[in-house]
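Asker: Can you read through this structure? Questions will come right after.
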Amino acid sequence: TNAAVIDAGDGKHQHPTQALLDLYTIWKEKGSFEGLKVGIVGDIVHSRVAGSLVPALAKLGAEVYLIAPATMLPAAPEALGVARVYANLDEALPELDVVYMLRIQMERLEEAPFPSLREYNLLYGLTKEREELMKPDAIICHPGPINRGVELDSYMADGSRSVITDQVFSGVCVRMALIYLLLGGANDGLSA
C-alpha cells in the first residue's frame, strides 16, 4: 500500500513526534549526536518522551544516562539503550552535554514514589545552585509543561542554557512537516 502513517505512540509508553522534535533541537544546538552525553532526569518510568527519545539517541550515537530515584526508573533501562543510571543528580551533571528534565506525572502515579515534592526538588531539581556543576556549554531541555519549583526553577527554565522555547518551535515545524508528508506532500530533499 502507499498509505502514509504517523506513529502517534501507544498512549503510556511512546511519544515519537516529541522525540523527533527533541532530536532536531539538540542537533541544531550541538551539531552531532556522536559521543554526546545526554542525561534524562526525573519520572522516567511514566514518561512517553523517554520511551521514544532514549532509543533514538542511542541509535544516533549518544550516550544516554538516566537520573532518577529507583522508584521512577524502568525495570530494565539497559533494554532501551541506556549507558548508565545515576541516583544522584549532582554526580551526573558535570558529565552531561544535554540535561533533559522530565516532569513528575502526578496523574499517572499509583503510589508515592518519593516522600514529597520538596524533597524531590532538593535531590533532583535543576536549580541555579546546581548550574555550577554543569559543563559551560551544556543545554537544558524539557518537553513541557514545566512544574516550576519541582524539576526546574525559573532561573534555569528561562536562562541562557535553556532551549525549551526552541523545542516548542521545533515541535510546530516537525509536526507540520509530518502532516505535510502524510497528506501526500513530496519529500523533495529540502533540509533545515
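The values are calculated or read from the model by the stated rules, or taken from the named source; none is laboratory data. Because the structure is a prediction, the values reported are computed rather than measured. Every residue, glycine as well, gets a Cβ built from its backbone with ideal geometry; the counts of neighbours run over all protein chains shown. SASA here: full protein model, heavy atoms, side chains in, ligands and nucleic acids out. Shrake-Rupley method; radii C 1.70, N 1.55, O 1.52, S 1.80 Å.
Asker: Among the residues of segment 138-163, which ones are farther than 22 Å from Leu66 by Cβ, assigned to a loop (DSSP other than H, G, I, E, B) and modelled with pLDDT of 95 or more? Walk me through it before giving the result.
Answerer: First pass over segment 138-163, keeping only residues farther than 22 Å from Leu66 by Cβ: 148-149, 154-155, 158-160.
Filter once more, so that each one left must be assigned to a loop (DSSP other than H, G, I, E, B): 149, 159-160.
Result: Gly159, Ser160.
Asker: Here's another thing I want to ask about it. Please list, ordered by first then second residue, the pairs with beta carbon atoms under 7 Å, 6 or more apart or interchain, first in segment 121-138 and free of Cβ contacts under 8 Å to residues at least 40 places away in the same chain, second open to solvent by less than 20 Å² (accessible area, probe 1.4 Å) and of a type in the set (D, E, K, R).
Answerer: Filtered contacts from segment 121-138: Gly125/Glu151.
Asker: How about segment 2-21: which of its residues are among the acidic types (Asp, Glu) and out of contact with any Gly (no Cβ under 9 Å at 6 or more places or on another chain)?
Answerer: Asp7
Asker: Condition test on Glu132, is it more than 18 Å from the chain's Cα centre (by Cα), modelled with pLDDT of 95 or more and surrounded by fewer than 20 Cβ atoms within 10 Å (Cβ to Cβ)?
Answerer: Working: more than 18 Å from the chain's Cα centre (by Cα): yes; modelled with pLDDT of 95 or more: yes; surrounded by fewer than 20 Cβ atoms within 10 Å (Cβ to Cβ): yes.
Judged against the criteria, Glu132 is a match.
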